[in-house]
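*Asks:* I'd like to ask you about the structure that follows.
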Amino acid sequence: LAKTTQPISMDSYEGQEVNITCSHNNIATNDYITWYQQFPSQGPRFIIQGYKTKVTNEVASLFIPADRKSSTLSLPRVSLSDTAVYYCLVAYNQAGTALIFGKGTTLSVSS
Amino acid sequence: GAVVSQHPSWVICKSGTSVKIECRSLDFQATTMFWYRQFPKQSLMLMATSNEGSKATYEQGVEKDKFLINHASLTLSTLTVTSAHPEDSSFYICSARGGTATNYGYTFGSGTRLTVV
């Protein structure tokens, strides 16, 4: 199973761009890279997903280099409400059906 | 689309009693649902895969007789924590795969905070 490595925590200020990098050296050929956001006492919420190059949606961008051994989630102009835990996911359970979560990155945004 | 509803959002029960948590897919059919457990300051840990019309598949180390899972319909899975003890206090989250979500179908419920006293 592919393992992900993310920084445990990051600090930022309102209005700044935040980039969270995730390492996944053993990613399988067919695996997609998915990022989720989780607030305290809530379930994870989907942010963005990609396979290679760059993906952008209304809330974030995802940059994936050609070797796919890492990915970077970019949050433009963060606000206080972006304070949360961010998970980078590439792995599934042995049956290949359920997402397996790593430790995540706790992002703290200050004013 | 792709909304997963979980109920209750929190529950307090006495040690030794059983508690049932419901997970519903509101606008899509989910033949497979997943149950996770999350302790404070930790990540989500997959407990089991709930399969409609058949037995659940439990991850290694999860007691199937303690955490009973029933997936009787395409929109409802239930997790029953039997003979609950304080160490079972945790945040339980369900997930379903289906609907038209662009993230290849993984949608999570809002979670249930279980406190056993």
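No lab work stands behind these numbers, since they all come straight from the coordinates. Since we're looking at a predicted model, the values are computed, not measured. We place every Cβ from the backbone using ideal geometry, glycine too, and count neighbours over all the protein chains shown.
*Asks:* For chain B, which cysteines have no second Cys with its Cβ under 4.7 Å from theirs?
*Replies:* Lone cysteines by the Cβ rule: B:Cys13.
*Asks:* Taking θ as phi - 60°, what are the ³J(HN,Hα) couplings along region A:64-70 by the Karplus curve (6.51, -1.76, 1.60), each to the nearest whole Hz, with x for Gly and Pro?
*Replies:* 10, x, 4, 7, 6, 7, 8
*Asks:* I would also like to ask the following. Starting from one equal scatterer on each C-alpha and no solvent at all, send me the Debye-based log10 I(q)/I(0) for chain B at q = 0.12, 0.16, 0.21 Å⁻¹, two decimals.
*Replies:* Debye output, listed in q order: -0.38, -0.68, -1.15.
*Asks:* For A:Ile47, what residues show an amide H to amide H distance below 5 Å, using hydrogens built from the backbone and excluding near sequence neighbours?
*Replies:* A:Trp35, A:Tyr36, A:Gln37
*Asks:* Are there chymotrypsin sites (Phe, Trp or Tyr not before Pro) in region B:33-117 that DSSP puts in a loop and that have at most 12 other Cβ atoms within 10 Å, and which ones?
*Replies:* Details: sites: B:Phe34, B:Trp35, B:Tyr36, B:Tyr58, B:Phe67, B:Phe91, B:Tyr92, B:Tyr104, B:Tyr106, B:Phe108; in loops: B:Tyr104.
Those that pass, being in a loop and sparsely packed, are B:Tyr104.
*Asks:* Any idea how far the Cα center of region B:45-82 sits from the one of region A:85-106, in Å?
*Replies:* Their Cα centres are 19 Å away from one another.
*Asks:* Moving on. Charges at C-beta only: +1 for Lys and Arg, -1 for Asp and Glu. How large is the resulting dipole of the protein assembly as shown about its Cα centre, in Debye rounded to 20? If you can, show how the numbers build up before the last one.
*Replies:* Values: 18 positive and 15 negative charges, 48 e Å.
Dipole magnitude for the protein assembly as shown comes out near 240 debye.
*Asks:* Same structure, new question: Where a Cα-Cα gap under 23 Å defines reach, which lysines qualify for B:Lys41, not counting those fewer than 8 residues away within the same chain?
*Replies:* Within reach: A:Lys3, A:Lys103.
*Asks:* Which value, in debye to the nearest 20, describes the size of the charge dipole of chain B about its Cα centre when Lys and Arg Cβ atoms bear +1, Asp and Glu Cβ atoms bear -1, and nothing else is charged? Could you put the intermediate results ahead of the total?
*Replies:* On the way: 10 positive and 8 negative charges, 27 e Å.
In debye, rounded to 20, chain B gives about 120.
*Asks:* Right, next: Please turn the phi angles of region B:109-114 into ³J(HN,Hα) values with the Karplus equation 6.51 cos²θ - 1.76 cosθ + 1.60 (θ = phi - 60°), one per residue in order, whole Hz, x for glycine and proline.
*Replies:* x, 7, x, 10, 8, 9
*Asks:* Exposure proxy check: B:Trp10, A:Trp35 ranked by fewest other beta carbons within 10 Å? Please report the intermediate quantities before stating the final value.
*Replies:* Details: B:Trp10 11, A:Trp35 26.
Lowest to highest Cβ neighbour count: B:Trp10, A:Trp35.
*Asks:* So what's the projected area for region A:1-72, the Cα convex hull averaged over all directions, in nm²? If you can, show how the numbers build up before the last one.
*Replies:* Details: hull surface 22.9 nm².
Computed as one quarter of the Cα hull surface, the answer is 5.7 nm².
*Asks:* Taking θ as phi - 60°, what are the ³J(HN,Hα) couplings along region B:54-68 by the Karplus curve (6.51, -1.76, 1.60), each to the nearest whole Hz, with x for Gly and Pro?
*Replies:* For region B:54-68, the Karplus curve yields 8, 5, 6, 10, 9, 6, 4, x, 9, 6, 5, 7, 8, 10, 7 Hz.
*Asks:* Separate question: Write down the Å³ per residue value for the convex hull defined by the alpha carbon atoms of the protein assembly as shown. Before the final figure, lay out each step's value.
*Replies:* Details: hull volume 26.9 nm³, N = 228.
Looking at the protein assembly as shown, the number lands at 118 Å³ per residue.
*Asks:* With a cap of 10 neighbouring Cβ atoms within 10 Å, and only residues DSSP puts in a loop, list the GluC sites (Glu not before Pro) found in region A:1-78.
*Replies:* Details: sites: A:Glu14, A:Glu17, A:Glu58; in loops: A:Glu14, A:Glu17, A:Glu58.
Filter output for region A:1-78: A:Glu58.
*Asks:* Something else now. Taking the square root of 5 times each eigenvalue of the Cα gyration tensor, what semi-axes in Å does the equivalent ellipsoid of region B:16-55 have, largest first? Write out the running numbers ahead of the final one.
*Replies:* Working: eigenvalues 92, 43, 26 Å².
Taking √(5λ) for each Cα gyration eigenvalue gives 21, 15, 11 Å.
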